[in-house]
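The block underneath contains the structure these notes are about, expressed in structure tokens.
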């Protein structure tokens, strides 16, 4: 049993007791409570709650358990610095959110925002004086998986998986969608509480800047463009408004919040923009994975009932794969991206660190190179194509996406929705992928050989 200070217990919803092991129940048994929720993917063989994850957090835990890694505990910040270092998450990615849209809502306010840090796969949430670190990581087979780490010094600290409480929001139970990230922009009052009668917005790279970052702090320059960050809302009749001018182009947060307890004095605008793209793509990859696996499962069941062969390539209806993967393909190519009308400049160093990671082709081009003048990326094809989660897609899904990528990038598909990709864009992306994504190059070689054989 893991003890938790009495004064912290009231901050955690009941469902967290299972994940924290506070009742002496091992973390994997959270699946017992999970059965009460509707879950079409569980019925089709995905088994989110019952499956043992394999992701950056489970691998980190294995190092801790095996004595290969020690997490240092720091007074005031707990395990935060050590976890970021162990997972290679840059401090420059820090973003501060002051809306009470977290399990730690009672501790969050404009004076005490929640700090978020991330890399390509993992997100860490830290609130001053909170009893736990919040952790979300992308599991190649399961999508977003949620953990907590008790902020108490121990020789071998443990990340506890949570299913029930997190998925009450993060699985979109009403829409019966898959477990995923939830990035919102909201109107908040002076205490950080979202205004229930005001609109709220899901944030992706397609969101106009005017609807982004309500309830978030934002540092950086964005010219004449305006956003909802750095300000609480006031009500004027039936309308909720924020002072967009006062919150614009801030190079620091002086006068808004004391940033000394945090690891950085920034809440970087470029990190926020990358976050909006990355979380959206990771959700779509997970959804394509689940929907394709569900289609394959249904095909196998039908084949078994009829006594037919179970070859997924021949039996899976093309329309099922298209429905699962076309939205992902379009998002990977930034279809519908909100155009920038002025340059964006971050101040934390995140942009430089992010762009330097590669991989690069022989001309030193990379899908991680940022544009930040007209659009987010210099070469508008998502770097999430290099992720473990993308590589874990079922073969038929990757075959579909590679084929559709080639149709668009080669100019065969000239539909209006891809008109934002210039001829130079398509050529550059095509060349970068052929050099830096071996699986795509292998697909192209097979495809060319098949055409020649015909």
Once the piece of chain linking residue 111 and residue 58 is laid out straight, how much longer is it, given 0.36 nm per residue of separation minus the C-alpha distance between them?
15.7 nm
So if R0 is 51 Å, what FRET efficiency would residue 224 and residue 439 give, r being the distance between their Cβ atoms, rounded to the nearest 0.05?
0.75
Here the gain from full extension of residue 252 to residue 391, 0.36 nm per residue of separation minus their alpha-carbon distance, amounts to 46.1 nm
By how many nm would the segment from residue 447 to residue 234 grow when fully extended, if each residue of separation counts as 0.36 nm and the alpha-carbon distance is taken off?
70.9 nm
I'd like the FRET efficiency for residue 202 and residue 339, computed as 1/(1 + (r/R0)^6) with the beta carbon distance as r and R0 of 22 Å, rounded to 0.05.
0.70
Here the alpha-carbon Rg of region 352-454 over 2.2 N^0.38 Å rounds to 1.10
At 7 Å along the Cα-to-beta-carbon direction for both residue 361 and residue 413, put a label point, then send me their distance in nm to one decimal.
1.9 nm
Taking 7 Å along the Cα-to-C-beta vector as the label spot, tell me the residue 177-residue 69 distance in nanometres, rounded to one decimal.
3.0 nm
Of the listed peptides 120-133, 181-194, what is their order by residue-averaged count of other C-beta atoms within 10 Å, with the highest listed first?
120-133, 181-194
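Every number in this text was worked out from the coordinates using simple rules, so none of it is lab data. What you are looking at is a predicted structure, and each value in this text was computed from that prediction instead of being measured. As a convention, Cβ positions derive from the backbone with ideal geometry for all residues, glycine included, and neighbour counts pool all protein chains shown.
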